[in-house]
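First up is the structure itself, then whatever we jot down about it.
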Amino acid sequence: MSPFGPSRHFVAAQQFGRFRVKAEIERHAKAVASVENDPKETWAAWISLVKVCILSLSAAGCGPMRRREFIAAMSGVAAWAFAARAQQPRMAKIAYLGVLSPSTLDPRQLEALRQGLAENGLIEGINVEVDYLWGEGNPDRVRELAADLAQRNLDVIIAPGTAAVRALIATGTKIPIVFPIVGDPVGDRLIASLSRPGGNVTGLSMFGIDLESKRIEVLKEAVPTIKRIMILHYSAGEAGGVVAAVQSAARSLGLDAILVESQGELDSAFARAKEQGVDGLVTTASAFLYFNRKRFIELAAHYRLPSIWEASVYVRDGGLLSYGPSFVDMYRRSAAYVAKILKGAKPADLPVEQPIKFELAVNLKTAKALGIIIPPTLLARADEMIE
């Protein structure tokens, strides 16, 4: 060192050291600011911050610090950390109440929900927290979960399907409820009307009655030789009037129809239907059928019945045909309701929307196994083909 004072290289080194100290302190201060309501994590972050302040300042050649200087430095860092924390947006709290289980739900639907949330500026773990609860196909469990959610401090509950929404309404909760998928919310008395739902419930409706009729038309087009169909339905979970509409559609196409309740002894029911000359299978839309779809698809294959289902996930699992609204698109669009409610909108004032995207899916492998040649005109309209 020069006798006349520190060299410019030494001064530059000190300045560089202080720059590194500042960067390191800011990094640890951000960690303090990011801790979310956890006393242990907060305390650990503060200890780490104090340590890095002492070690970094010493390592940077800043010399020993007087007590007054250290307290002043820490006060500035604390102010910075708390200011950064105060600027963070409040974490919105959302719950998802599914009637099914993670293993039976089409994974693309939850992916679409997250995509929709992101499109509306809601990122899980950043400004929104989503708690996923699953009924595992058990109505009693769904009711228990609904009762639990009603006691929580939530901003929105996402509840696909009539059963989940009914369970929540039965609790008397005032928490806003958004349904990504429901068949007939007015007929099931979930809302007052489509244009003005009233109450605390809104979302997207499938208008399932019209779709059930359309599915019979598609099945008849795919297999013109069918004469008698089996209607597999779940009376406890379907919209009112569905079965009557399906029977009417069957008659209009010159088809006989046999009703089979999906909760009964299925093997014997399928066997009896086959003995009665059934040569086609149509199913109504319900969470129960969706949850148990692989079993029903196996029975249809065993009894060699051409079948049509409500969603393309059935076709991926071996069903012959499906026609219906894109559940993936409906999940994505439901996120817009969540965003509007978080911004202050009331569910009562948000009209229920209809599907805008419909999908026709065909499993050519299943068709080949059944000895069926799907007409080219139908294949040309298919949105998805499994080969």
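Here are the numbers for this structure:
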item	result
Estimated translational D of region 254-380 in µm²/s (Stokes, Kirkwood radius over Cα pairs; 10 °C; 1.306 mPa s)	95
Kirkwood Rh and Cα Rg combined as Rg/Rh, region 172-293	1.05
Set K174/K357; K274/K294; K220/K368 screened for pairs whose C-alpha atoms are more than 29 Å apart	K174/K357
Placed amide H near I226: partners under 5 Å, 5+ positions off or other chain	none
Cα-derived Rg to Rh of region 81-208, Kirkwood definition	1.00
Integer Hz, Karplus 6.51/-1.76/1.60 couplings in order for region 283-293, x for Gly and Pro	10, 7, 8, 6, 5, 5, 5, 4, 5, 9, 4
E298 - accessible surface, heavy atoms, 1.4 Å probe, Å² rounded to 10	110
Burial ranking of peptide ranges 373-385, 311-323, 91-103 (average Cβ count within 10 Å, highest at the top)	311-323, 91-103, 373-385
Those aspartates and glutamates that a straight Cα-Cα span of less than 13 Å connects to K227, excepting residues fewer than 8 apart in one chain	E217, D256, D279
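The values are calculated or read from the model by the stated rules, or taken from the named source; none is laboratory data. Only a predicted model underlies this, so the values are computations on that prediction, with no experimental measurement involved. Every residue, glycine as well, gets a Cβ built from its backbone with ideal geometry; the counts of neighbours run over all protein chains shown. Note: areas computed on protein heavy atoms with side chains; ligands, DNA, RNA excluded. Shrake-Rupley method; radii C 1.70, N 1.55, O 1.52, S 1.80 Å.
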